[in-house]
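What follows draws every value from the coordinates through simple rules; no lab data is involved. Given the structure is predicted, the values throughout are model-derived calculations rather than measurements. Note that we place each Cβ from the backbone using ideal geometry, even for glycine, and neighbour counts take in every protein chain shown.
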Amino acid sequence: RKEVEQDPGPFNVPEGATVAFNCTYSNSASQSFFWYRQDCRKEPKLLMSVYSSGNEDGRFTAQLNRASQYISLLIRDSKLSDSATYLCVVRDSGYSTLTFGKGTMLLVSP
Amino acid sequence: NAGVTQTPKFQVLKTGQSMTLQCAQDMNHNSMYWYRQDPGMGLRLIYYSASEGTTDKGEVPNGYNVSRLNKREFSLRLESAAPSQTSVYFCASSDRVLTSSSGNTIYFGEGSWLTVV
């Protein structure tokens, strides 16, 4: 079974902190990479795609290291509303499906 | 803006009972999926339909059947429910099969909480 591994957390941080999540994947042929966000008792929603050169969306920065099969998500200036579970997601070449990590829980406190 | 709609939201079944989870999307998407999510296990794919008229097994298909009724609707059936099928079920859709370069966004329904006693 293809694996996507994440630190389950929870990560407890104060507002304004910077926090980083890591993810590793087992299939070196994986093609596409994403971060999804899932609020408690809600459905997952796409946060951002992860590109080879790294990409940024406001306070969120995603990085990909294909050689190490490693993906990261950095959140700067954490807000209370960032509290959620962050899912690392991988699509493999030739597969019409996505493989989800188990998620990392983030709790931002005042 | 409905997106992906699934019913029922909550259901309690007795062991051995059957039921069907309904899912419909109004985004004219070609591909649809059923996932289950269990504590400590993450999201696991049960079945998917890459396009109308086709269905394929995912990672955990045993105990389930699916029907792609038309382009909009994709149902999941439990023929004889077991306690191991207690889970949260998510239906999802994407505009094209995820093997294409632009088919990389998957949209989820709000989930169906199923308990089998």
- Task: Along Cα→Cβ, 7 Å out, is where each label goes; now give me the distance between the ones at B:Val88 and B:Thr5 in nm to one decimal.
- Result: 2.2 nm
- Karplus (6.51, -1.76, 1.60) ³J(HN,Hα), θ = phi - 60°, over the stretch B:106-117, in Hz, Gly and Pro reported as x: 10, 10, 9, x, 7, x, 10, 8, 10, 10, 10, 10
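Residue by residue through A:97-106, how many Cβ atoms from other chains fall within 10 Å of the Cβ on average?
5
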- Query: Using a ≥ b ≥ c from the Cα gyration tensor of the stretch A:28-110 (square roots of the eigenvalues), is it rounded, prolate or oblate, where a/c under 1.5 gives rounded and otherwise the larger of a/b and b/c decides, a/b for prolate?
  - Reply: oblate
- Computed ³J(HN,Hα) along the stretch B:23-37: with the Karplus parameters 6.51/-1.76/1.60, θ = phi - 60°, integer Hz and x for glycine or proline, the list is 9, 9, 10, 10, 9, 6, 7, 7, 10, 9, 9, 10, 10, 10, 10
- Message: Just to check I understand the Karplus step: with θ = phi - 60° and J = 6.51 cos²θ - 1.76 cosθ + 1.60, what whole-Hz values come out for the stretch B:72-84, glycine and proline as x?
- Response: 7, 10, 9, 9, 10, 10, 9, 6, 8, 4, 10, x, 5
- According to the square roots a ≥ b ≥ c of the eigenvalues of the Cα gyration tensor, what is the shape class of the stretch B:5-117, taking rounded for a/c under 1.5, prolate for a/b larger than b/c otherwise, and oblate for the remainder? prolate
- How would you classify the stretch B:3-44 from its alpha-carbon gyration tensor, with a ≥ b ≥ c the square roots of the eigenvalues: rounded for a/c under 1.5, else prolate if a/b is greater than b/c, otherwise oblate? oblate
- Over the protein assembly as shown: Kirkwood hydrodynamic radius from C-alpha pairwise inverse distances, Å: 18.1 Å
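Which of B:Phe74, B:Phe10, B:Phe108, A:Phe60 comes first, and how do the rest follow, when ranked by fewest Cβ neighbours within 10 Å? Numbers along the way, then the final one.
Values: B:Phe74 30, B:Phe10 9, B:Phe108 22, A:Phe60 17.
Ranked by crowding around the Cβ, least crowded first: B:Phe10, A:Phe60, B:Phe108, B:Phe74.
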- Message: Quick check for me: using +1 on Lys/Arg Cβ and -1 on Asp/Glu Cβ, what's the dipole size of the protein assembly as shown about its Cα centre, in debye to the nearest 20?
- Response: 320 debye
